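Here's the structure, in structure tokens; my notes come after.
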Amino acid sequence: MTLSFNLVPGHPGGLWLANPVLTASGTCGYGVELGEIIDIQRLGAIVCKGITLHPREGNPQPRVAETPAGLLNSIGLQNIGVEALIRDMAPLWASWRVPVIVNIAGESAREYREVARRLDGVPGVAGIEVNISCPNVAQGGMEFGAKPRPAARVVAAVRKATGLPLLVKLTPNGADMPAVARAVAEAGADALTVMNTILGLAIDTTQRKPFFPAVKAGLSGPAIKPIALYHVYEVARAVSVPVVGCGGIASATDALEFLMAGATAVQVGTATLVNPKAPLEVLEGLEAYLKQKNIADVRELVGAAAKA
Amino acid sequence: MEVIDARVLSREELLPELFFIWLEAPTIAREARPGQFLMVSCGVHKDPLLRRPLCVSRLAPMGNGQTPDRLALLFSVRGRGSLSLGQCQTGDCLSILGPLGKPFRLERASRKVVLVAGGTGLSPLGGLAEEAVRQGKEVTLLLGVESATKMFPPRVIPQGVRLEVASMDGSMGHKGLVTELLAAHLAGADQCFAVGPLGMYKTLARIRPSLPPVPIQISLETRMACGTGLCFACSVPTRQGLRLSCKDGPVFALDEVLWDRL
Ligand SMILES: Cc1cc2nc3c(=O)[nH]c(=O)nc-3n(C[C@H](O)[C@H](O)[C@H](O)COP(=O)(O)OP(=O)(O)OC[C@H]3O[C@@H](n4cnc5c(N)ncnc54)[C@H](O)[C@@H]3O)c2cc1C
Ligand SMILES: Cc1cc2nc3c(=O)[nH]c(=O)nc-3n(C[C@H](O)[C@H](O)[C@H](O)COP(=O)(O)O)c2cc1C
């Protein structure tokens, strides 16, 4: 039974993962935190918290609210900054078996490029996930991801700055996702992550004002799964680069749906916040499914429901 | 830290919407210290989705042993999660994750400690009081309730402590805020531990200069998603920069937190 695969077949060096189960950015800290709870070395890859050129404090409290089967977050990209990441985290990652992909964000194409340049060649950094889809920052983030041209500009800038495998994480908010997907693939993306959170709002009815000081927030969790699945299906048909499915995945069955819709790998996010073992349980469930159905290679499932 | 299915050994509704639940949880109870907390699943089929943070209120052995293998939750109903948690029955299993966070730092050398509980702030302080009494310390518990009808029944008041009550309506003990009792009791104490709503901490921070300089530890109730340091939802501003309530706390020194930014 084969679970391993090359996540970025179009990239000269490739990036071989032991299996298609990854963590989603912002839901496993810098990997170290999740590593204190479960055996992360068994996973396909770790995608760390979004990182920016300078450290960010993020948004004021409160930062999370629960919705039916969902989670609204307004973290605001709190992070230690790329220099501290290279100094304190990358050396740890370099000793891990599981590859670490660094999620990056910025307020301008230049900032993205600079973060990517500094990560280039750093031992312990296996790839970059370009977050052009964060709804929780005042500038940049999602704005880049909504339109093909700005999205392609950011990706091209990052592509010039590094030879690392590049994943580009797309937003469903106000975007024609297949069009953005085609543009960033052309600009040098080796794979696409579909998708980031969906914009949402909560109101504090006692105080008659928005619940979050930053007003808007990103919705994640089981509530968004069918939406993410639909976008994966659409994007996978629009581009030839691999698609990594993300959004509400909490079980092996969820993961199978994403694979069959056209994803070559999946990321587990909010589910890990509820149950830190979730990524391992998804992996074990996938293994059990392959065994039970006598499927030799997980790649046989990719796009199985999208072939028609 | 572990995720386990803990069996409900007993469930009591102490007062309307106030629950006291004992769980069989040997692996967690063994490790837990007063001030640490659990993330508790409150629903079936992931609804509500998130676990709720609740303090480990008491620790005790099941039989005659020394090592604790059961633990108690003490909580009031605030919304959907706590409402459904209160409806559990003896024999049910609850998925719990813990122990989490940093415990209270109770110094061996402290001889006299003062505990200040605002309402269900009694939850973690109950266990701390028992520990302090076991260590032979002199323990004063200042307990604030809304009124005599909201007073906790004697069996959840830790034994061997000197108890002073304050009620908002004056129907029991001192009339007013529990923090108003503090000035009279803090002199001569080595440590103070206070747990209650945010407003209580802000009051404490404000009256701090007028109080004897006894170190005060508090436990913060910050909204959390994971409780395990993964999501950065529960950041709080401190003099040392941002700290995570779930990993670096929930226990903090009162003077460490930047209260005007919370
Ligand atoms: C470390 C810690 C320990 C706690 N220990 C206790 C305890 O021992 N006894 C007790 O009665 N209460 C305790 N609380 C508060 C308790 O977590 C909340 O009352 C509970 O989460 C409310 O959930 P709900 O579903 O009833 O309310 P809802 O309002 O429906 O909850 C919606 C969301 O908001 C969160 N939330 C709502 N109120 C609070 C709050 N005050 N603090 C943190 N999150 C909140 C919930 O966890 C949930 O994610 C503790 C909180 C923290 C952070
Ligand atoms: C608390 C939290 C923090 C997040 N932080 C980031 C981030 O820093 N960068 C990013 O690209 N996505 C971030 N995300 C989005 C997730 O990686 C993921 O795309 C989204 O939550 C949907 O997947 P899920 O439903 O499995 O959580 C965050 C999500 C949550 C819930």
Quiz item: Inside segment B:203-243, can you point out the residues that are more than 9 Å from chain A (Cβ to nearest Cβ) and aliphatic (A, V, I, L, M)?
Solution: B:LEU204, B:ALA205, B:ILE207, B:LEU211, B:VAL214, B:ILE216, B:ILE218, B:LEU220
Quiz item: Are any residues in segment A:83-121 without any contact (Cβ under 8 Å) to a residue 60 or more places away in the chain and of a type in the set (Val, Ile, Thr), and if so, which ones?
Solution: A:ILE86, A:VAL102, A:ILE104
Quiz prompt | Test: residue in segment B:33-52 that is away from every other protein chain (no Cβ under 14 Å), free of Cβ contacts under 8 Å to residues at least 60 places away in the same chain and touching a Lys or Arg at 6+ places or on another chain (Cβ under 9 Å) | solution = no
Quiz prompt | Test: residue in segment B:234-252 that is without any contact (Cβ under 8 Å) to a residue 24 or more places away in the chain, more than 21 Å from B:GLY35 (Cβ to Cβ) and not small (Gly, Ala, Ser) | solution = no
Exercise. Would you check if A:ILE101 is within 14 Å of chain B (Cβ to nearest Cβ) and of a type outside the set (S, T, N, Q)?
Key: no
Practice problem: Please note which strands (runs of 3 or more DSSP E) are completely contained in segment B:177-257 and include at least 2 residues that are more than 17 Å from the chain's Cα centre (by Cα). | Solution: B:235-238, B:241-244
Quiz item: If you check A:VAL8, A:VAL32, which single one turns out to be more than 16 Å from ligand 1 (Cβ to nearest atom), of a type in the set (A, V, I, L, M, F, W, C) and closer than 27 Å to B:GLN240 by Cα?
Solution: A:VAL32
Quiz prompt | Selected residue (criterion: surrounded by the most Cβ atoms within 10 Å (Cβ to Cβ)) from residues of segment A:50-73 that are part of a loop (DSSP other than H, G, I, E, B), within 7 Å of chain B (Cβ to nearest Cβ) and not polar (S, T, N, Q) | solution = A:ARG63
Exercise. Please state which one of B:GLY91, B:GLY119 is assigned by TED's automatic domain parsing to the domain that holds B:GLU12 and out of contact with any helix residue (DSSP H, G or I) (no Cβ under 6 Å at 6 or more places or on another chain).
Key: B:GLY91
Quiz item: Say we look at segment A:116-136 and pick out the residues that are within 13 Å of ligand 2 (Cβ to nearest atom) and more than 14 Å from every other protein chain (Cβ to nearest Cβ); which of these is modelled with the lowest pLDDT?
Solution: A:PRO135
Quiz item: Among (1) more than 14 Å from every other protein chain (Cβ to nearest Cβ); (2) assigned to a loop (DSSP other than H, G, I, E, B); (3) surrounded by fewer than 20 Cβ atoms within 10 Å (Cβ to Cβ), which single condition is A:PRO213 missing?
Solution: (1)
Quiz item: Of the residues in segment A:14-29, how many are at negative phi and either within 14 Å of chain B (Cβ to nearest Cβ) or without any contact (Cβ under 8 Å) to a residue 24 or more places away in the chain (or both)?
Solution: 6
Quiz item: Condition test on B:VAL236, is it surrounded by 15 or more Cβ atoms within 10 Å (Cβ to Cβ) and within 29 Å of B:ARG134 (Cα to Cα)?
Solution: no
Self-check item: Hits in segment A:257-271 - residues which are assigned to a helix (DSSP H, G or I), farther than 17 Å from A:VAL239 by Cβ and more than 16 Å from ligand 1 (Cβ to nearest atom)
Solution: A:GLU257, A:MET260
Quiz item: For residues in segment A:222-236 being closer than 11 Å to A:MET177 by Cβ and of a type in the set (Gly, Ala, Ser), which is surrounded by the fewest Cβ atoms within 10 Å (Cβ to Cβ)?
Solution: A:ALA236
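The values are calculated or read from the model by the stated rules, or taken from the named source; none is laboratory data. A quick note: this is a predicted structure, and the numbers were derived from the prediction, not measured. Here the Cβ is made from the backbone with ideal geometry for all residues, glycine too, and neighbour counts use every protein chain on show.
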